[in-house]
Amino acid sequence: KLVNDILDVSRLESGQMPLNLKTWSLPDLIADALQVQQVLAQDKGIVLENCVPGELPLIQADESLLRRVLQNLVGNAVKFTPPGGQVKLTAELTMLASAQPVVLISVHDNGPGIPPEIQSKLFQKFVTGSQKGRGSGLGLAFCKLVIEAHGQQIWLDSLPGQGTVVTFTVAAA
(Lines give C-alpha, C1' and ligand atoms only; values in the text may rest on other atoms or scores of the structure.)
Protein backbone atom coordinates (compact mmCIF):
# COMPACT_ATOMS: atom_id res chain seq x y z
CA LYS A 1 0.00 0.00 0.00
CA LEU A 2 2.82 2.40 0.86
CA VAL A 3 4.50 1.77 -2.50
CA ASN A 4 1.21 2.37 -4.33
CA ASP A 5 0.65 5.57 -2.35
CA ILE A 6 4.14 6.82 -3.28
CA LEU A 7 3.51 5.98 -6.94
CA ASP A 8 0.11 7.73 -6.93
CA VAL A 9 1.58 10.85 -5.32
CA SER A 10 4.39 10.83 -7.88
CA ARG A 11 1.94 10.46 -10.80
CA LEU A 12 -0.21 13.30 -9.46
CA GLU A 13 2.82 15.56 -8.97
CA SER A 14 4.02 14.95 -12.52
CA GLY A 15 0.55 15.31 -14.07
CA GLN A 16 0.67 11.69 -15.26
CA MET A 17 -2.54 10.60 -13.53
CA PRO A 18 -5.41 11.51 -15.84
CA LEU A 19 -8.69 12.58 -14.27
CA ASN A 20 -11.84 10.71 -15.24
CA LEU A 21 -14.26 13.60 -14.79
CA LYS A 22 -17.92 12.70 -14.52
CA THR A 23 -21.04 14.29 -13.11
CA TRP A 24 -22.47 12.54 -10.06
CA SER A 25 -24.17 12.87 -6.68
CA LEU A 26 -22.03 13.85 -3.70
CA PRO A 27 -24.45 12.76 -0.91
CA ASP A 28 -24.19 9.13 -2.04
CA LEU A 29 -20.39 9.24 -2.07
CA ILE A 30 -20.26 10.78 1.39
CA ALA A 31 -22.63 8.14 2.75
CA ASP A 32 -20.31 5.46 1.31
CA ALA A 33 -17.20 7.07 2.86
CA LEU A 34 -18.88 7.11 6.27
CA GLN A 35 -20.03 3.51 5.89
CA VAL A 36 -16.46 2.34 5.19
CA GLN A 37 -15.31 3.84 8.51
CA GLN A 38 -18.35 2.71 10.53
CA VAL A 39 -16.79 -0.41 12.07
CA LEU A 40 -13.69 1.40 13.34
CA ALA A 41 -15.83 4.26 14.61
CA GLN A 42 -18.13 1.86 16.48
CA ASP A 43 -15.13 0.10 18.03
CA LYS A 44 -14.01 3.47 19.43
CA GLY A 45 -17.50 4.63 20.37
CA ILE A 46 -17.28 7.49 17.86
CA VAL A 47 -20.45 8.86 16.32
CA LEU A 48 -20.29 9.47 12.56
CA GLU A 49 -22.72 12.19 11.56
CA ASN A 50 -23.80 12.89 7.99
CA CYS A 51 -24.99 16.50 7.80
CA VAL A 52 -24.93 16.68 4.00
CA PRO A 53 -28.20 17.85 2.49
CA GLY A 54 -29.66 15.58 -0.16
CA GLU A 55 -30.55 18.51 -2.42
CA LEU A 56 -26.99 19.50 -3.28
CA PRO A 57 -26.32 20.03 -6.98
CA LEU A 58 -24.43 17.36 -8.88
CA ILE A 59 -20.66 17.74 -8.87
CA GLN A 60 -18.04 17.15 -11.55
CA ALA A 61 -14.97 15.22 -10.41
CA ASP A 62 -13.06 11.97 -10.70
CA GLU A 63 -15.24 9.75 -8.52
CA SER A 64 -12.55 7.20 -7.68
CA LEU A 65 -10.01 9.81 -6.59
CA LEU A 66 -12.55 11.86 -4.65
CA ARG A 67 -13.75 8.67 -2.92
CA ARG A 68 -10.15 8.08 -1.77
CA VAL A 69 -9.88 11.68 -0.55
CA LEU A 70 -13.06 11.36 1.51
CA GLN A 71 -12.07 7.97 2.94
CA ASN A 72 -8.65 9.33 3.87
CA LEU A 73 -10.06 12.41 5.60
CA VAL A 74 -12.79 10.52 7.45
CA GLY A 75 -10.29 7.77 8.35
CA ASN A 76 -7.88 10.36 9.80
CA ALA A 77 -10.67 11.98 11.77
CA VAL A 78 -11.75 8.63 13.24
CA LYS A 79 -8.14 7.61 13.93
CA PHE A 80 -7.31 10.76 15.89
CA THR A 81 -10.64 11.33 17.65
CA PRO A 82 -10.68 9.89 21.17
CA PRO A 83 -13.23 7.24 22.20
CA GLY A 84 -16.68 8.71 22.63
CA GLY A 85 -15.99 11.52 20.15
CA GLN A 86 -17.75 12.66 17.02
CA VAL A 87 -16.88 13.01 13.32
CA LYS A 88 -19.22 15.05 11.17
CA LEU A 89 -19.37 15.70 7.42
CA THR A 90 -20.98 18.84 6.05
CA ALA A 91 -21.38 20.22 2.54
CA GLU A 92 -22.87 23.36 1.08
CA LEU A 93 -23.09 25.13 -2.24
CA THR A 94 -21.19 28.41 -2.30
CA MET A 95 -19.48 30.88 -4.60
CA LEU A 96 -15.78 31.53 -4.15
CA ALA A 97 -13.76 34.45 -5.47
CA SER A 98 -13.74 32.86 -8.93
CA ALA A 99 -17.54 33.38 -9.09
CA GLN A 100 -17.89 29.72 -10.03
CA PRO A 101 -20.30 27.62 -7.96
CA VAL A 102 -18.51 25.05 -5.83
CA VAL A 103 -19.51 22.61 -3.14
CA LEU A 104 -17.63 23.17 0.10
CA ILE A 105 -17.09 19.83 1.89
CA SER A 106 -15.84 19.69 5.48
CA VAL A 107 -14.81 16.86 7.79
CA HIS A 108 -15.11 17.96 11.43
CA ASP A 109 -13.77 16.10 14.45
CA ASN A 110 -13.58 16.87 18.14
CA GLY A 111 -10.18 15.27 18.63
CA PRO A 112 -7.10 16.82 20.23
CA GLY A 113 -6.45 19.21 17.35
CA ILE A 114 -3.21 19.73 15.47
CA PRO A 115 -0.28 21.66 16.94
CA PRO A 116 0.04 25.05 15.20
CA GLU A 117 3.71 24.48 14.35
CA ILE A 118 2.92 21.60 11.95
CA GLN A 119 -0.41 22.74 10.49
CA SER A 120 1.12 24.56 7.51
CA LYS A 121 3.28 21.52 6.66
CA LEU A 122 0.73 18.70 6.96
CA PHE A 123 -0.14 18.66 3.25
CA GLN A 124 3.53 18.03 2.35
CA LYS A 125 4.84 14.53 1.69
CA PHE A 126 6.09 12.55 4.70
CA VAL A 127 5.09 15.18 7.27
CA THR A 128 3.38 13.73 10.35
CA GLY A 129 2.68 14.83 13.86
CA SER A 130 4.12 13.11 16.88
CA GLN A 131 0.88 11.49 18.02
CA LYS A 132 0.43 7.76 18.45
CA GLY A 133 -0.95 5.99 15.38
CA ARG A 134 0.32 8.52 12.87
CA GLY A 135 0.61 7.33 9.30
CA SER A 136 3.22 7.55 6.55
CA GLY A 137 2.68 11.23 5.87
CA LEU A 138 1.33 10.59 2.37
CA GLY A 139 -2.44 10.71 2.94
CA LEU A 140 -2.92 14.46 3.19
CA ALA A 141 -0.33 15.08 0.45
CA PHE A 142 -2.37 12.76 -1.79
CA CYS A 143 -5.59 14.61 -0.88
CA LYS A 144 -4.05 17.99 -1.69
CA LEU A 145 -2.69 16.81 -5.03
CA VAL A 146 -6.05 15.29 -6.04
CA ILE A 147 -8.02 18.40 -5.09
CA GLU A 148 -5.51 20.69 -6.84
CA ALA A 149 -5.57 18.45 -9.95
CA HIS A 150 -9.29 19.28 -10.07
CA GLY A 151 -8.42 23.00 -9.93
CA GLN A 152 -9.81 23.28 -6.41
CA GLN A 153 -8.56 24.04 -2.86
CA ILE A 154 -8.09 22.18 0.43
CA TRP A 155 -7.23 23.58 3.87
CA LEU A 156 -7.57 22.87 7.57
CA ASP A 157 -8.53 24.76 10.70
CA SER A 158 -7.49 23.40 14.06
CA LEU A 159 -7.04 24.56 17.61
CA PRO A 160 -5.26 22.33 20.12
CA GLY A 161 -7.87 20.66 22.32
CA GLN A 162 -10.76 21.75 20.10
CA GLY A 163 -10.62 19.43 17.12
CA THR A 164 -9.89 19.86 13.44
CA VAL A 165 -11.90 20.77 10.35
CA VAL A 166 -10.51 19.83 6.94
CA THR A 167 -12.35 21.57 4.10
CA PHE A 168 -12.09 21.27 0.34
CA THR A 169 -13.98 22.46 -2.70
CA VAL A 170 -15.38 20.53 -5.67
CA ALA A 171 -16.84 22.06 -8.81
CA ALA A 172 -20.61 22.04 -9.07
CA ALA A 173 -21.74 20.54 -12.37
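Structural remarks
- Here the accessible area is traced with a 1.4 Å probe on the protein chains. For the chain, carbon and sulfur cover 52 percent of it.
- Size-normalised alpha-carbon gyration radius of the chain, reference 2.2 N^0.38 Å: 0.99
- Rolled with a 1.4 Å probe across the full set of protein chains, the surface gives Phe123 an accessible area near 30 Å².
- Under the convention that each Lys and Arg Cβ holds +1 and each Asp and Glu Cβ holds -1, the size of the dipole of the stretch 16-173 around its Cα centre is about 540 debye.
- In the full protein context, the chain carries 52 Å² of accessible surface per residue, based on a 1.4 Å probe and ignoring ligands, DNA and RNA.
- Of Val102, Val78, Val36, the residue with the greatest mean-square motion in the GNM of the chain, using alpha carbon springs below 10 Å, is Val36.
- Sites Leu19 and Glu92, calculated FRET efficiency, Cβ-Cβ separation with R0 25 Å, nearest 0.05: 0.60
The values are calculated or read from the model by the stated rules, or taken from the named source; none is laboratory data. Treat the numbers as computed from the prediction; the structure is a model and nothing was measured. Counting neighbours? That spans all protein chains shown, and the Cβs are built from the backbone with ideal geometry, glycine included. Please note that ligands, DNA and RNA were not included when accessible areas were found on the heavy atoms of the full protein model with its side chains. Shrake-Rupley method; radii C 1.70, N 1.55, O 1.52, S 1.80 Å.
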